[in-house]
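Heads up, the thing below is written out as structure tokens.
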There are 4 protein chains.
Amino acid sequence: MSRKIKRIALLTGGGDCPGLNAVIRAVTRAAILQYGYEVFGYRFGYKGLYNNDIIPLTLETVSGILHKGGTILYSSNKDNLFNYLIEENGSMVKRDVSDVAIENMRKEGIDALVVIGGDGTLTSARDFYRKGVNVIGVPKTIDNDLAATDVTFGFNTAIDVATDALDRLHTTAESHHRIMILEVMGRNAGWIALESGIAGSADVILIPEIPYDINKVVEKIRERESHGRLFSIIVVAEGAKSINGDIVISKIVEDSPDPIRLGGIANKLELELEKVIKEHEIRSTVLGHVQRGGNTCTYDRILSTRYGVRAVELIDEGKFGSMVSLKGDTISYEPLENVIGKTKDVDPDGELVSIAKKIGISFGD
Amino acid sequence: MSRKIKRIALLTGGGDCPGLNAVIRAVTRAAILQYGYEVFGYRFGYKGLYNNDIIPLTLETVSGILHKGGTILYSSNKDNLFNYLIEENGSMVKRDVSDVAIENMRKEGIDALVVIGGDGTLTSARDFYRKGVNVIGVPKTIDNDLAATDVTFGFNTAIDVATDALDRLHTTAESHHRIMILEVMGRNAGWIALESGIAGSADVILIPEIPYDINKVVEKIRERESHGRLFSIIVVAEGAKSINGDIVISKIVEDSPDPIRLGGIANKLELELEKVIKEHEIRSTVLGHVQRGGNTCTYDRILSTRYGVRAVELIDEGKFGSMVSLKGDTISYEPLENVIGKTKDVDPDGELVSIAKKIGISFGD
Amino acid sequence: MSRKIKRIALLTGGGDCPGLNAVIRAVTRAAILQYGYEVFGYRFGYKGLYNNDIIPLTLETVSGILHKGGTILYSSNKDNLFNYLIEENGSMVKRDVSDVAIENMRKEGIDALVVIGGDGTLTSARDFYRKGVNVIGVPKTIDNDLAATDVTFGFNTAIDVATDALDRLHTTAESHHRIMILEVMGRNAGWIALESGIAGSADVILIPEIPYDINKVVEKIRERESHGRLFSIIVVAEGAKSINGDIVISKIVEDSPDPIRLGGIANKLELELEKVIKEHEIRSTVLGHVQRGGNTCTYDRILSTRYGVRAVELIDEGKFGSMVSLKGDTISYEPLENVIGKTKDVDPDGELVSIAKKIGISFGD
Amino acid sequence: MSRKIKRIALLTGGGDCPGLNAVIRAVTRAAILQYGYEVFGYRFGYKGLYNNDIIPLTLETVSGILHKGGTILYSSNKDNLFNYLIEENGSMVKRDVSDVAIENMRKEGIDALVVIGGDGTLTSARDFYRKGVNVIGVPKTIDNDLAATDVTFGFNTAIDVATDALDRLHTTAESHHRIMILEVMGRNAGWIALESGIAGSADVILIPEIPYDINKVVEKIRERESHGRLFSIIVVAEGAKSINGDIVISKIVEDSPDPIRLGGIANKLELELEKVIKEHEIRSTVLGHVQRGGNTCTYDRILSTRYGVRAVELIDEGKFGSMVSLKGDTISYEPLENVIGKTKDVDPDGELVSIAKKIGISFGD
């Protein structure tokens, strides 16, 4: 690793997340202004690394992108170069093409690679590091469910959007004495539902970590009625499940005359509640990708900038194979080896759930 | 009508709409401060008029509500007192109970009634006027589809929310080269889809007034691809229909093992497009009641205030049986008799559609 | 005018205004997609026309700018080419250099020029038209004070920003029983103060058209106190004046040891009120250029788009020497000759002021 | 302390801050729902404690206030009951009236007092604790400059507002090649300027902790010009000072014919820069109390809720004389004795300043 760094490259992998552009900007600016590196970007994640789809990143390129959602480098899912789908003799097969990627970097003179992505993307980063590539990882997940860092960027933007939706639903719920259901992201971890539910004054929060009993949800609605509160707000993570078993998130009724994808958990809840609660109308909203896009919130812009600059510092310090992380109020780093695959679920007995329960929020348990 | 006005009352009917509270506030303040009336509100629309659920409205009551969505008077649907469902001899029957309402007003000394509502609510208002009640109507529909007024309050708030969602979808669509579908309100008229589509830079706008051909939608997506634009944004009114026939907005698959309400037009579109477009992911969002709630936008606060004050002026002038309206830049009024049942659809050959087409937006026709 | 149009150019002049980019985009898209024109932009207004600082505008150039404040063509003030400051024999003199500009357009083959600007910019546009240039004007003023059009773009964005500030000031005013003063734009016309004051629930609105008596302002504050309302919100246009004479907006105390520009009307008001009102703290905020920038609001995006497309239609129709305008709900046009120099002040006896007074707002008169 | 807690009271002191209502709500809900306490509020801070201006707080009272800025309990400055200005024999004298307050609490049966305030307010809280009152403190300062807690509520809302203003200034700065100055809060600590400057893409950040050299600021502007960036954004804390000495924040020119309060640091900077930089216009905005009000941001709603619930838990645990605090990701507490008077300035050599410098931001040093 004693090689003097002259050129670095970045790539973004997995689902997009507000703050990606802020990381790209911070890496580029710090690398150029502070360390005199040349900076490049591979477009479309690892796929671009394989195809050598590379562009220079300059101060001009990253101007005006700090606040913008999305990624100017584009992204792709399903692009594990260690098990990559390619055409071979006319049929599609899976191959380890990582050497092609390494050779591409060698030809372009790339001395270090900053990989911004979630668990899958960072697993590949670790594997490239094992093969000798000077890798630095930057963690990305809108769900905030990585064990190695206290907060991931994008998460606070997502809860801002979800909380804003809850604020809006309140006035209409109250005027019509309705039950309003808001489905937010969170397949495996309920952080978005939990925090937006606290911030948005939800009455019920349903998350994957705490299987819900529909009767307890009804009980909460009835309890509110008994205090003259004739409306209720439910926020539900897309991966929430009932105590009776898993919920199919989405499926297609193929044999219907007019095939239609079945809605997710919000829909299911709506129908379950309608069977029992006759005197209120029940309405659901599925925020979907609105949570991922738009302007990056202030908090995430700062966090992403800190991550980006620290990543370049780690390159300068030769700390390859590591990932930047936030610990308390400090930007730190961890060996990728130690953090891959370790997720952070909501603790049903933890502080946030406990606080939520103490102010009267039901988790349906 | 020569009776001196001393006490007036308000009620709000039908679906809630940002700006209702601003009208209530303006009526109350102008009535008290300018004309010295006492002001009352019936809660839950006509139902409250029937049940005599009446509260005083004072400067204090209406303080701090100008910007708030919803209605402090609550609302109800399905409450036509001329054909009202009541219990009689143990069974539910429909009766004309309008005399009960009129007697309630007489007992409370209500000299004039301001009715804020949509076409159904205003039809009843007209019927009360025919029976001698001093009625003034204030038009309300979030869909902006009333013929008698250029703009209804709530509409601009709704397009703000929809446009904000479109802005958010853009960044994520662009990063992943996706087709994004946003379903907005508009059962019969496509105004919200049309205006938010223009403001939110949509590529395709589908509205009830212009039946769409799915092949034309695909054509537009392909045309963009040919110019290197690898993502597309589609905004669709919930009442949009294809040239092949109507779409069922929402139905329940009762015989499914796990009964689920089928999604609407956004879902149908998603499935139709998925059959043809294989290389892009397609995602849809249904904004739902998020469009109806939250803070009222600046434009609607001003329009509602103008409507509210004008309604009180009309009481003072004895112009009963009329409805306030916006004509160009002027607040005017119309006889309720002339405006009931007259809607305003998007004109497929009108200025806005023409402008949208000239900047390259497809309507699928 | 029988010349077939092949190439058109745009320029933006005067102070920037949310919606300029939306006009540029609409002109460019409609011109290319609908009429097959080539489109160019002169940078820095008329100065660029003189210097032939011209760039091509393509679909790509105008992508992603619909919602952005500012102008991608930049702007300049003080650039009347009919009386232009140039160097001649070593000293600066004013000359009519309009022929240079016309020759520049001829050389580039520009067949028609779309000029987006305020009264000064449009006066030059008229003068170029008189000299044979195919000019179309698009009116721009954030103050909404042009007589020839009902609404100018940028205005609604400005009142959104001002109203948002008023909303924020309310909570802090109420908590501390303070008098809060917000100074907004409006040198000659008080539209922004008037509309944001109505929308933002101000207690006092001071505008240039209605000279204020400080005693009447104090009276209003005292009246509120007598009803237990221990805070007041004042919105004041920067050009507001007292009945005792004009206010110097801004001047520099040169002979101060530490020269400082004196604040404007908000500051003056604060000091005047402090002399009389001892029991409340008084605080003022000067919004300044925050009102001009940021994202363009939904309303202005649509209006700008309509203006832009209509401008291209007028080129196609050969209606040169005219300016697009909004009349009621329709985009129309007027001869530039008829509209130059005609402003639209707030009518002290008009509907909006009357409505504001009826809900209890004081104008200090 | 073995006394069984039955009744608790709250008060809010000092300047208002977004999140106060969220703390009041959380304390009230947790106290009632979880611990069965009765809850009361003293209005106007310690003044209300002295005057026994007490009201009951119920679930109903705190409904709908989570997101609202300000404080429903009102606040007051300058109300140290240990040195309180009262009338005695016709003249105003300062007295220790703390025993009156303690007697008031005794009479009302208040078993514990939650005090929400900044350093001054908490010093009194500590003094009451020394005299035997069961006090729990909740830290409040919009400036985020308390040593005992990582983050105070209100701070993130303030940087959101400042960042939004910077976003808006960018477009107008860029269009006109202007130097834009934004003055934000921060008399002693520059946290708001620092974090909003990073998030809002400022070019220069001036804070009290790093005295600035005006020549370095000019240098930065010139350096940007040399790279074709013809505009600059400066964010300055109100307490920023130059290396040449302190700046008078605000003074009144009494001997002026028209006495006017002199503007603060933004104004001074504007004049200093105007002397040197002739080719750009320079404009300044003073955000003022707009930073304190309006809706509380998501982050602050959650933090305030956590603080509020933890305060009630500390009552239940008998941990009196302590203050809740955030340490990393955990809500903890500290003895008031240890934390009074300890502030947290921006470290000129700390991580955030270092990161800002590495991406090219100048601090004028």
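The values are calculated or read from the model by the stated rules, or taken from the named source; none is laboratory data. These numbers come from a predicted model, not from an experiment. Please note: Cβ atoms are built from the backbone with ideal geometry, for glycine as well, and neighbour counts cover all protein chains shown. Note: accessible area is taken over every heavy atom of the protein model, side chains too, but ligands, DNA and RNA are not part of it. Shrake-Rupley method; radii C 1.70, N 1.55, O 1.52, S 1.80 Å.
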key: Beta bridges by DSSP in the protein assembly as shown, antiparallel share as percent, to the nearest 5   = 40 percent
Evaluated over the protein assembly as shown, the Cα radius of gyration and Dmax, each in Å = 31.8, 105
inquiry  = Averaged over its residues, how many other protein chain Cβ atoms are within 10 Å of peptide D:56-66's Cβ atoms?
reply    = 2
remark   = Rounded to the nearest 10 degrees, the helix C:119-130 long axis (Cα) sits at an angle to the longest Cα principal axis of chain C of 20 degrees
inquiry  = How tilted is helix B:298-317 with respect to the longest principal axis of chain B? Cα atoms for both, answer in degrees (0 to 90, nearest 10).
reply    = 30 degrees
query = For the stretch C:148-179 and the stretch B:292-365, what is the separation of their Cα centres, given in Å?
reply = 24 Å
inquiry  = Given contacts defined as C-alpha pairs under 8 Å and at least six residues apart, what's the relative contact order of the stretch B:158-293, whole-number percent?
reply    = 32 percent
query = For the pair D and C, how large is the buried accessible area, both sides, in square angstrom to the nearest 100, if the probe is 1.4 Å?
reply = 4100 Å²
query = For the stretch C:198-248, what class follows from the C-alpha gyration tensor (a ≥ b ≥ c being the square roots of its eigenvalues): rounded when a/c is under 1.5, otherwise prolate if a/b is larger than b/c, else oblate?
reply = oblate
request  = For the stretch C:321-363, state which residues have at least 40 Å² less accessible area in the presence of all protein chains than in their chain by itself, taking the probe as 1.4 Å and leaving out ligands, DNA and RNA.
outcome  = C:GLU351, C:ILE355, C:LYS358, C:ILE359
key: Listed residues B:ASN89, B:VAL312, B:THR298: farthest to the positive end of the dipole of chain B (Cβ charges)   = B:VAL312
Gyration tensor verdict on the stretch A:279-338 (Cα atoms; rounded if a/c is under 1.5, prolate if a/b is larger than b/c, oblate otherwise) = prolate
query = What are the trypsin sites (Lys or Arg not before Pro) within the stretch D:289-359 that DSSP puts in a loop, where the Cβ has at most 14 other Cβ atoms within 10 Å?
reply = D:LYS342
key: Estimated Rh, chain A: Kirkwood, alpha-carbon pairs, angstrom   = 22.0 Å
DSSP-loop trypsin sites (Lys or Arg not before Pro) across the stretch B:130-165, with at most 16 other Cβ within 10 angstrom = B:LYS131
key: Rh by Kirkwood over Cα pairs, then Stokes-Einstein D for the stretch D:136-185 at 0.692 mPa s and 37 °C, µm²/s   = 256 µm²/s
query = Between the stretch B:1-71 and the stretch C:35-86, what is the C-alpha centre distance in whole Å?
reply = 52 Å
key: Sparse-neighbour loop sites [trypsin sites (Lys or Arg not before Pro); the stretch D:1-64; at most 14 other C-beta within 10 Å; DSSP]   = D:ARG3, D:LYS4, D:LYS6
ask   = Roughly speaking, to the nearest percent, how much of the stretch D:158-293's 1.4 Å accessible area is carbon and sulfur?
value = 47 percent
ask   = Taking A:LYS344 as the anchor, which aspartates and glutamates have their alpha carbon closer than 16 Å to its alpha carbon, excluding any fewer than eight residues away along the same chain?
value = A:ASP119, A:ASP143, A:ASP145, A:ASP150, A:GLU195, A:GLU209, A:GLU334, D:ASP329
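In deg cm²/dmol and to the nearest 500, what is the mean residue ellipticity at 222 nm of chain D if only DSSP H runs of at least 4 residues count, each as -39500 (n - 2.57), divided by the residue total?
Computed ellipticity for chain D at 222 nm equals -11000 deg cm²/dmol.
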inquiry  = Let me understand the stretch D:31-139 better: what is its radius of gyration from the alpha carbons, and its Dmax, in angstrom?
reply    = 14.6, 49
ask   = Hull surface divided by four, with the convex hull built on the Cα atoms of the stretch D:12-93: how many nm²?
value = 6.1 nm²
ask   = Hull surface divided by four, with the convex hull built on the Cα atoms of the stretch D:72-208: how many nm²?
value = 12.1 nm²
ask   = Normalised by the residues of chain A, what does the relative contact order come to in percent, with Cα pairs under 8 Å and at least six apart?
value = 22 percent
request  = Over chain B, give the accessible area per residue in Å² for a 1.4 Å probe, as an integer.
outcome  = 35 Å²
ask   = What average count of beta carbons from other chains do you get within 10 Å of the Cβ of residues in A:197-203?
value = 5
query = How large is the dipole of the stretch D:1-66 about the Cα centre if only Lys and Arg carry +1 and Asp and Glu carry -1, each at its Cβ, rounded to the nearest 20 debye?
reply = 280 debye
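Would you mind telling me the antiparallel percentage of the DSSP bridges in the stretch A:158-293, rounded to 5?
So the antiparallel bridges in the stretch A:158-293 amount to around 25 percent.
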query = For chain C, what is the percent of antiparallel DSSP beta bridges, rounded to the nearest 5?
reply = 40 percent
Reachable lysines from A:LYS358, criterion Cα separation under 19 angstrom, eight or more residues apart if same chain = A:LYS216, A:LYS220, D:LYS6, D:LYS319
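D for the stretch C:77-148, whole µm²/s, Stokes-Einstein with Kirkwood Rh over alpha-carbon pairs at 10 °C and 1.306 mPa s: what number?
For the chosen part, D equals 118 µm²/s.
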task = Quick one: dipole size for the protein assembly as shown, taken about the Cα centre, charges +1 on Lys/Arg Cβ and -1 on Asp/Glu Cβ, in debye to the nearest 20.
result = 0 debye
inquiry  = Output the 0 to 90 degree angle, nearest 10, between the alpha-carbon long axis of helix D:214-226 and the longest principal axis computed from the alpha carbons of chain D.
reply    = 60 degrees
key: Compactness of the stretch A:158-293, expressed as Rg and Dmax over alpha-carbon positions, Å   = 14.5, 46
task = Determine the dipole magnitude for the stretch A:158-293: charges of +1 sit on the beta-carbon of Lys and Arg, -1 on that of Asp and Glu, nothing else is charged, the reference point is the Cα centre, and the result goes in debye to the nearest 20.
result = 60 debye
